[in-house]
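Participant: The following block contains the structure, expressed as structure tokens.
Laboratory data are not the source of any read-out in this text; all were calculated from the coordinates shown. The structure displayed is predicted, hence computed values, not measured ones. We place every Cβ from the backbone using ideal geometry, glycine too, and count neighbours over all the protein chains shown.
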Amino acid sequence: MADTHRHHAIDYVELTVPDLAEAERFYAEAFGWEFTDYGPGYAGIRSGDGEVGGLRLDAEPPKPGGPLVLLFSDDLDATVAAVEAAGGRVTAGPYEFPGGRRFHFTDPGGNELGVWAEA
């Protein structure tokens with residue numbers, strides 16, 4: 001596999017979760033993510049040819065105010081429905097912004113993420 005890391009680019013996103021199995025279930029169901037299990041406390045998030053992030057088990061709930069991870073969607077309304085069906089909670093939107101539309105949600109473990117789509 002070729003080295004795809006780019007200088008100063010976002011390379012990896014790690015989410016802290018209180019229940020690793022529930023987090024894997026949610027993200028697989030809502031977004032089709034796949035995982036590499038590295039033991040009882042960590043799972044890598046696979047995308048394409050490599051890993052783009054991880055789920056790290058921690059008994060402490062995620063702290064609000066951390067970086068906001070944004071995902072892209074070709075169909076924002078379908079993504080809202082998938083997040084809710086998987087057990088996520090929409091916390092804002094969908095709403096218009098200059099580049100399109102987006103919404104924010106929390107996963108079952110309390111992490112807040114956003115999803116956006118072009119106008």
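Participant: If r is the Cβ-Cβ distance from THR91 to ASP37 and R0 is 22 Å, what FRET efficiency results, to the nearest 0.05?
Facilitator: Step by step, r from the Cβ atoms, then E = 0.15.
Participant: What value, in deg cm²/dmol to 500, does the helix sum -39500 (n - 2.57) over DSSP H runs of n ≥ 4 give at 222 nm once divided by the residues of the chain?
Facilitator: That comes out to -5500 deg cm²/dmol.
Participant: Same structure again: Let me check against my output: what whole-number percent is the relative contact order of the stretch 13-118, with C-alpha pairs under 8 Å and at least 6 apart?
Facilitator: Over the stretch 13-118, the number comes to 28 percent.
Participant: Same structure, new question: All other residues with a Cβ under 15 Å from the Cβ of GLU34 taken together, and with Lys, Arg as +1 and Asp, Glu as -1, what is their net charge?
Facilitator: Summing Lys/Arg as +1 and Asp/Glu as -1 gives -3.
Participant: Quick one: among ALA85, ALA43, ALA23, which has the greatest mean-square fluctuation in a GNM of the chain with alpha-carbon springs under 10 angstrom?
Facilitator: The residue with the greatest mean-square fluctuation here is ALA85.
Participant: Let me see the P(r) profile for the chain: every Cα-Cα distance counted, bins of 10 Å, each bin given as a percent of all pairs.
Facilitator: 13, 43, 36, 9, 0
Participant: Please build a GNM for the chain, connecting alpha carbons under 10 Å apart, and tell me which residue among GLY54, GLY66, GLY88 fluctuates the most.
Facilitator: Maximum fluctuation in the GNM of the chain, among the listed residues, is at GLY66.
Participant: If you don't mind, another one. How many percent of DSSP beta bridges within the stretch 13-118 run antiparallel, rounded to 5?
Facilitator: Approximately 70 percent, going by the DSSP bridge assignments.
Participant: Which residue, GLY109, GLY41, GLY65, has the most motion in a Gaussian network model of the chain that connects Cα atoms within less than 10 Å?
Facilitator: Maximum fluctuation in the GNM of the chain, among the listed residues, is at GLY65.
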